[in-house]
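Below is one structure, written out as structure tokens, with a few remarks after it.
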Ligand SMILES: [Zn+2]
């Protein structure tokens, strides 16, 4: 009997890692980093032998879906990797950046430990740049959306557009076992019906079993239009008052969406005398990949590209690659819009901008993405009065805005609309969500649909 064991992304929003076993074939769907309070668990054993995996399928290039792949390679993975072209390109820059951050953190810890004589206690980095490079020498196959591929004579896989970030896919596995046909879909992360840059999520190809992400299973987002208005207003009010805006942003998708909105604001004449900084080397690299795949963007944005109008550029925009240029932003006293990582304020350049500006009531922090529990971003969103930055307790006086409608994740209404037309769907397994939100989502689905719904526990095995 085929089985799926969820080694990560079950009962939590990060660390997606699902092992599918069909007869003797082992397929791993995603291998993500565990983020937030339990980050140290990334060092734990996967729970399976990395060398025994035949195929690794990557749904998209967010760290919580690919962040442990170099560790998988370090521990002996020798199989074949499947993703879309854009996902492979994105994964490369994301993982190199991750390896660099791990190395920096390791060196900082070593320096501190040496002073205490405890350097032997410092753990090696989870992986290094060499492991990332080794991963890209593994056998790889880039697939287009809706291009079926036979993994074996009895297992066929296909990617479909997930409308989440550039290149993102949900995965369909169609296989036969004991004369029965099974059709299992892993949603990866899916986007809502309205997206700024991408075509919306493709319909579900009527699977029998669905592993469904439930990040926002407890809520309905404001409409995209309302959210963009809210975002623009937060920026305009702050600029009018002579303040500055900090946007902690994820390097993939959200940054490019913000650039596209700011591009339009520039065209409307709303950004006069302001300075926009994209202060993230990773986001600058990711934006180049968006510029490389215009055909993967939706019609409206694709049209701008074909007319030679770069949706991710405008005269006020400055890209600050070098550290000294990032520090120089501190000299801009008003009308600065600073887009910097990390999106949940767990590291990166956004921290020094927060230290410089979060105490000033004229300024605003605009959160445009999900904030995992245990991150600084979540603390700020939850209304902490003080935040600790570089060893200093700093009072939060800046205005804090949370714009959820720009989310790259579908809300509960979108997800229900996605599964509703699937007459053959027998089981929905909820993954990738916070436990209390998943309970609410389960109740919501059961109120509207007769399908069986189960919340997957960490390391639980589901028999198909
Ligand atoms: Zn994602």
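The values are calculated or read from the model by the stated rules, or taken from the named source; none is laboratory data. Because the structure is predicted, anything quoted here is derived from the model rather than measured. Using ideal geometry, Cβ is built from the backbone for each residue, glycine included, and neighbour counts are taken over all protein chains shown.
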* Number of the condition not met by residue 139 [criteria: (1) farther than 30 Å from residue 199 by Cβ; (2) more than 24 Å from the chain's Cα centre (by Cα)] -> (1)
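Just to verify a result, which residue in region 32-71, among those that are more than 13 Å from the chain's Cα centre (by Cα) and under 20 Å from residue 344 (Cβ atoms), is farthest from the ligand (Cβ to nearest atom)?
In the first step, residues of region 32-71 are kept if they are more than 13 Å from the chain's Cα centre (by Cα); the result is 36-57, 68-71.
Now restrict to residues that are under 20 Å from residue 344 (Cβ atoms): 36-42, 68.
On the way: 36: 15, 37: 19, 38: 18, 39: 17, 40: 22, 41: 19, 42: 17, 68: 15 Å.
It comes out as 40.
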* Structure fact -> Scanning region 51-79 residue by residue, the ones that are assigned to a helix (DSSP H, G or I) and surrounded by 17 or more Cβ atoms within 10 Å (Cβ to Cβ) total 10
* Residue that is touching a helix residue (DSSP H, G or I) at 6+ places or on another chain (Cβ under 9 Å) and without any contact (Cβ under 8 Å) to a residue 12 or more places away in the chain, where the choices are 331, 309, 296, 279 -> 309
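Residues are listed down the side, and each one gets a yes or a no for (1) buried (at least 20 other Cβ atoms within 10 Å of the Cβ); (2) without any contact (Cβ under 8 Å) to a residue 60 or more places away in the chain; (3) within 16 Å of the ligand (Cβ to nearest atom); (4) more than 30 Å from residue 225 (Cβ to Cβ):
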residue	(1), (2), (3), (4)
369	yes, no, yes, no
373	no, no, no, no
392	no, yes, no, yes
398	yes, no, no, no
409	yes, no, yes, no
* Structure fact -> When restricted to 171, 184, the only residue within 16 Å of the ligand (Cβ to nearest atom) and either more than 21 Å from the chain's Cα centre (by Cα) or in a strand (DSSP E or B) (or both) is 171
* Quick check: anything in region 80-95 assigned by TED's automatic domain parsing to the domain that holds residue 156, in contact with a strand residue (DSSP E or B) (Cβ under 7 Å, 6 or more places away or on another chain), within 16 Å of the ligand (Cβ to nearest atom) and not in a helix (DSSP H, G or I)? -> yes
* **Pairs, first assigned by TED's automatic domain parsing to the domain that holds residue 424 in region 439-452, second at pLDDT below 90 and surrounded by fewer than 16 Cβ atoms within 10 Å (Cβ to Cβ), C-beta under 8 Å, six or more apart** => none
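I'd like the full set of residues that are closer than 21 Å to residue 412 by Cβ and in contact with a helix residue (DSSP H, G or I) (Cβ under 8 Å, 6 or more places away or on another chain), limited to region 216-247. Spell out how you get there, then give the answer.
Narrowing region 216-247 to residues closer than 21 Å to residue 412 by Cβ: 216-227, 230.
Selection gives 216, 217, 218, 219, 220, 221, 222, 223, 224, 226, 227, 230.
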* Structure fact -> With criteria (1) in contact (Cβ under 8 Å) with a residue 24 or more places away in the chain; (2) more than 14 Å from the ligand (Cβ to nearest atom); (3) more than 20 Å from residue 184 (Cβ to Cβ), residue 18 comes up short on (3)
